[in-house]
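> Pasting a structure below so you can have a look.
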There are 2 protein chains.
Amino acid sequence: MSIFAGIEAGGSKFVCAVGKISSNKDKVEIKDKIIIPTTTPDETIPQAINFFQSIHSSTPLKAIGIATFGPVDLNTSSPHYGYITTPPKPGWKHYNFVGTIKEAFQIPIGFDTDVNGSAIGEYRWGAAKNLDTFIYVTVGTGIGAGGMSQGKPMHGLIHPEMGHMFIPYDSNKDNFLGVCPFHGNCLEGLASGPSIQKRWNVKTASDLPSDHPAWDLEADYLASAFANCILILSPQKIIVGGGVMKRKEIFEKIRVKTQTLLSGYIKHEKLLNNIDSFIVPPALGDDAGIFGAIALAEQAFKKSYP
Amino acid sequence: MSIFAGIEAGGSKFVCAVGKISSNKDKVEIKDKIIIPTTTPDETIPQAINFFQSIHSSTPLKAIGIATFGPVDLNTSSPHYGYITTPPKPGWKHYNFVGTIKEAFQIPIGFDTDVNGSAIGEYRWGAAKNLDTFIYVTVGTGIGAGGMSQGKPMHGLIHPEMGHMFIPYDSNKDNFLGVCPFHGNCLEGLASGPSIQKRWNVKTASDLPSDHPAWDLEADYLASAFANCILILSPQKIIVGGGVMKRKEIFEKIRVKTQTLLSGYIKHEKLLNNIDSFIVPPALGDDAGIFGAIALAEQAFKKSYP
């Protein structure tokens, strides 16, 4: 049986699940799942290990995939590969995530950022099936993005941090200074959930009615960011999830504004005539992350036993 | 003998060369080279073919690589693969570049954009040796960029057009509207050679003295662009060539401004302490393009005879 495990490690909760991948590999079925609050490694990790061990003892897991909050060290030749490095979350600094899980199970361990995980989930079983170059963006508490370039997760020097890109900003139109502690008015500073809350003085972005100017401004910023992603990466699709994007009307605004910004310069029918199928929500919805963690396990297994 | 040919097809001239790749593959020696003005396909292409044919008849060429101005169709499954599609240059619209050269020689033909070509040249024999993810940017008449992601030239939906990315623009500091016919004040609109000429009313950018404010503004825009590239792609190096970059002092300004913009957010020693070896001029200088075209030939040959 092809049983793989996944950990979607978020700043507030760990989703741990075990899934069975069908023999033709085009489906995954979740067999068991728990959610654990993310407190400290000493508290949270043993609960995850116990959960997987209870299954592993009767049905051996083939591999475990970890899609985690970061920043993380993804460089396989680094002595700190598999670590969470310098996260804002207390208690997790220089935490050897892969090493700890590997020691407990002695099976292949996959490891990537939470957004790269979601991207890989969408690639295996969602909106990015059969694509080789795409990005997955999440717009929520922060703005994160991952993706694949030519069939491989995007890594490079470290890994993309697209949420912090610099975009045009007109202080005559928006005099809010942004909430990013590093950059002020980078994309995350201007367009994340907390920036919407602070700029418009609301408890959550979803309190704002659909006709509120907040949504036009939000779409302006995201359209600039997506236009830049198109110009820099040339993705075949942009998948956008996260809390802020639950407001579905915003998709249409972003699509129109992205086309307007590009001004027909990139002559591809997907951008010119089919942008509805180019900027899309995740097909796996909120499950992209945990499915992605399971896909990371599958990859790690294949790498160990090619 | 490993004799490969390259065509660096630019908007004003074609550089055609034949190179011998050393048996350990770490060197290429140019054996013969001509420069032909780029007029129309009917005039320019036969001259290139004649040049290569005169060599091919005595020393068979293994493959020909084409690194060309564009836009081009790089999608190998498209019926128009190998075409120059809709260039601003008259006479070259929907020109079947690969098909024409292939018909004349019946050997493998490599094909990519001019900047991807230069990027591959730097990868094989220059500043990007042994890297897998980097970008090559040229700042001249336009701003073009190509690169490799995880060891493969960046393609995707079409190919990157980083020169047109949107960057922060403060109209209180710079009230010039930009020269890009598509986007006005995108990066190319604000920071290309022609934009410097028009903004400061000079014949060429090199007429401006080193202490002119033009260079600080230029470095501001390029630093924003490079910060975005770092945040979106996570390259291991940014190689910057082109006419505007002949002004070497600008490198130091760009490096400092890029670090300032990133504010230490990306914790990697190359960005924090070694940015001098991260943002660099091309090691091959003006030869990156033709070396790259020869590298494309080498790749095409390997693909045909693995």
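> If you scan the range A:88-114, which residues turn out to be open to solvent by 20 Å² or more (accessible area, probe 1.4 Å) and either among the charged types (D, E, K, R) or under 15 Å from A:Gly11 (Cα atoms) (or both)?
Listed by number, the residues that qualify are A:Pro88, A:Lys89, A:Pro90, A:Gly91, A:Lys93, A:Tyr95, A:Lys102, A:Glu103, A:Asp114.
> State the number of residues belonging to the range A:76-107 that are out of contact with any His (no Cβ under 8 Å at 6 or more places or on another chain) and within 16 Å of A:His155 (Cα to Cα).
Residues in the range A:76-107 being out of contact with any His (no Cβ under 8 Å at 6 or more places or on another chain) and within 16 Å of A:His155 (Cα to Cα): 5 in total.
> With the requirement that a residue be of a type in the set (A, V, I, L, M), more than 14 Å from chain B (Cβ to nearest Cβ) and not in a loop (DSSP other than H, G, I, E, B), what does the range A:36-76 give you?
If the condition is that a residue be of a type in the set (A, V, I, L, M), more than 14 Å from chain B (Cβ to nearest Cβ) and not in a loop (DSSP other than H, G, I, E, B), then A:Ile36, A:Ile45, A:Ala48, A:Ile49, A:Ile55, A:Ile64, A:Ile66, A:Ala67 are the ones that fit.
> Right, something else. For A:Phe176, state whether it is within 26 Å of A:Tyr136 (Cβ to Cβ) and in contact (Cβ under 8 Å) with a residue 12 or more places away in the chain.
The answer is no for A:Phe176.
> Still on this structure, please answer the following. Regarding A:Ile239, is this residue closer than 24 Å to B:Pro235 by Cα and either touching a residue at least 24 places away in the same chain (Cβ under 8 Å) or buried (at least 20 other Cβ atoms within 10 Å of the Cβ) (or both)?
Working: closer than 24 Å to B:Pro235 by Cα: yes; either touching a residue at least 24 places away in the same chain (Cβ under 8 Å) or buried (at least 20 other Cβ atoms within 10 Å of the Cβ) (or both): yes.
In short, yes.
> For A:Phe182, work out the one condition from (1) at pLDDT 95 or above; (2) in contact with a Gly (Cβ under 9 Å, 6 or more places away or on another chain) it doesn't fulfil.
(1)
> I'd like to verify a number: residues in the range B:128-159 that are without any contact (Cβ under 8 Å) to a residue 24 or more places away in the chain and either among the polar types (S, T, N, Q) or within 22 Å of B:Glu218 (Cα to Cα) (or both), how many?
Of the residues in the range B:128-159, 2 are without any contact (Cβ under 8 Å) to a residue 24 or more places away in the chain and either among the polar types (S, T, N, Q) or within 22 Å of B:Glu218 (Cα to Cα) (or both).
> Go through (1) assigned by TED's automatic domain parsing to the domain that holds A:Cys16; (2) touching a Ser or Thr at 6+ places or on another chain (Cβ under 8 Å); (3) not basic (Lys, Arg) for A:Ser149 and report which single condition fails.
Every condition holds for A:Ser149 apart from (1).
> Sort out which residues of the range A:259-274 are in a loop (DSSP other than H, G, I, E, B) and within 10 Å of another protein chain (Cβ to nearest Cβ), and write them in order of number. Reasoning before the result, please.
Quick first cut of the range A:259-274, residues in a loop (DSSP other than H, G, I, E, B) only: A:263-268, A:273-274.
Hits for the range A:259-274 are A:Ser263, A:Gly264, A:Tyr265, A:Ile266, A:Lys267, A:His268.
> Taking the condition of being open to solvent by 30 Å² or more (accessible area, probe 1.4 Å) and part of a strand (DSSP E or B), how many residues in the range B:123-141 meet it?
Residues that pass the stated criteria total 1.
> So which of A:Lys27, A:Lys13 is more than 18 Å from A:Phe301 (Cβ to Cβ), under 21 Å from the mean Cα position of the chain (by Cα) and not aliphatic (A, V, I, L, M)?
A:Lys13
> Only one of A:Leu222, A:Leu261 is buried (at least 21 other Cβ atoms within 10 Å of the Cβ) and touching a residue at least 40 places away in the same chain (Cβ under 8 Å); which?
Numbers: A:Leu261 fails: touching a residue at least 40 places away in the same chain (Cβ under 8 Å).
Just one listed residue meets the conditions, A:Leu222.
> Could you tell me how many of the residues in the range A:161-220 are among the polar types (S, T, N, Q) and at positive phi?
Of the residues in the range A:161-220, 1 are among the polar types (S, T, N, Q) and at positive phi.
> Please determine, by comparing only the residues of the range A:77-101 that are within 22 Å of the chain's Cα centre (by Cα) and not in a loop (DSSP other than H, G, I, E, B), which one is nearest to B:Ile266 (Cα to Cα).
Among those that are within 22 Å of the chain's Cα centre (by Cα) and not in a loop (DSSP other than H, G, I, E, B), it is A:Ile84.
> Contact list please: Cβ distance under 9 Å, first residue in the range A:201-217 and assigned by TED's automatic domain parsing to the domain that holds A:Val179, second residue surrounded by 10 or more Cβ atoms within 10 Å (Cβ to Cβ) and acidic (Asp, Glu), pairs at least six apart or on different chains.
Correct list of pairs: A:Ala205/A:Glu218; A:Ser210/A:Glu249; A:Trp215/A:Glu249; A:Leu217/A:Asp174.
> State which residue is farthest from the other protein chains (Cβ to nearest Cβ) when the search covers only the range B:234-249 and only residues that are in contact with a strand residue (DSSP E or B) (Cβ under 9 Å, 6 or more places away or on another chain) and part of a helix (DSSP H, G or I).
Start the filter on the range B:234-249 by keeping residues that are in contact with a strand residue (DSSP E or B) (Cβ under 9 Å, 6 or more places away or on another chain), which leaves B:235-245.
With part of a helix (DSSP H, G or I) added as a condition, the list becomes B:243-245.
Values: B:Gly243: 22, B:Val244: 19, B:Met245: 19 Å.
Taking the candidates together, the pick is B:Gly243.
> If you don't mind, there's one more thing I want to ask. Of everything in the range B:142-175, what is more than 7 Å from chain A (Cβ to nearest Cβ), touching a strand residue (DSSP E or B) at 6+ places or on another chain (Cβ under 8 Å) and either part of a strand (DSSP E or B) or charged (D, E, K, R) (or both)? Give them in sequence order.
Across the range B:142-175, the qualifying residues are B:Ile143, B:Gly144, B:Ala145, B:Gly146, B:Gly147, B:Met148, B:Pro153.
> Mind listing whichever residues of the range B:291-304 are in contact (Cβ under 8 Å) with a residue 40 or more places away in the chain and either within 11 Å of B:Phe4 (Cβ to Cβ) or open to solvent by 20 Å² or more (accessible area, probe 1.4 Å) (or both)?
Residues satisfying the conditions are B:Phe291, B:Ala293, B:Ile294, B:Ala295, B:Leu296, B:Ala297, B:Glu298, B:Gln299, B:Ala300, B:Phe301, B:Lys303, B:Ser304.
> Here is a follow-up. Check B:Ala295 against each of (1) more than 14 Å from every other protein chain (Cβ to nearest Cβ); (2) modelled with pLDDT under 95 and name the one condition it does not meet.
(2) is the only condition that B:Ala295 fails.
> Scan the helices (runs of 4 or more DSSP H) fully inside the range B:187-233 and keep the ones with 2 or more residues being within 26 Å of B:Gly146 (Cα to Cα) and within 14 Å of another protein chain (Cβ to nearest Cβ).
B:187-191, B:213-233
> Here's a follow-up. If I ask for residues that are open to solvent by 30 Å² or more (accessible area, probe 1.4 Å) and more than 14 Å from B:Ile3 (Cβ to Cβ), which ones from the range B:40-69 would you list?
Answer for the range B:40-69, where residues must be open to solvent by 30 Å² or more (accessible area, probe 1.4 Å) and more than 14 Å from B:Ile3 (Cβ to Cβ): B:Thr40, B:Asp42, B:Glu43, B:Pro46, B:Gln47, B:Asn50.
> Another question, then. Could you grab me the full set of residues in the range A:242-254 that are free of Cβ contacts under 8 Å to residues at least 60 places away in the same chain and either touching a Phe, Trp or Tyr at 6+ places or on another chain (Cβ under 8 Å) or among the acidic types (Asp, Glu) (or both)?
A:Arg247, A:Glu249, A:Ile250, A:Glu252, A:Lys253, A:Ile254 - these are the residues of the range A:242-254 that are free of Cβ contacts under 8 Å to residues at least 60 places away in the same chain and either touching a Phe, Trp or Tyr at 6+ places or on another chain (Cβ under 8 Å) or among the acidic types (Asp, Glu) (or both).
The values are calculated or read from the model by the stated rules, or taken from the named source; none is laboratory data. These numbers were taken from a predicted model, which means no experiment stands behind them. Heads up, the Cβs are rebuilt from the backbone with ideal geometry, glycines too, and the neighbour counts pull from every protein chain shown. Protein only, heavy atoms only, side chains kept; ligands, DNA and RNA dropped before computing areas. Shrake-Rupley method; radii C 1.70, N 1.55, O 1.52, S 1.80 Å.
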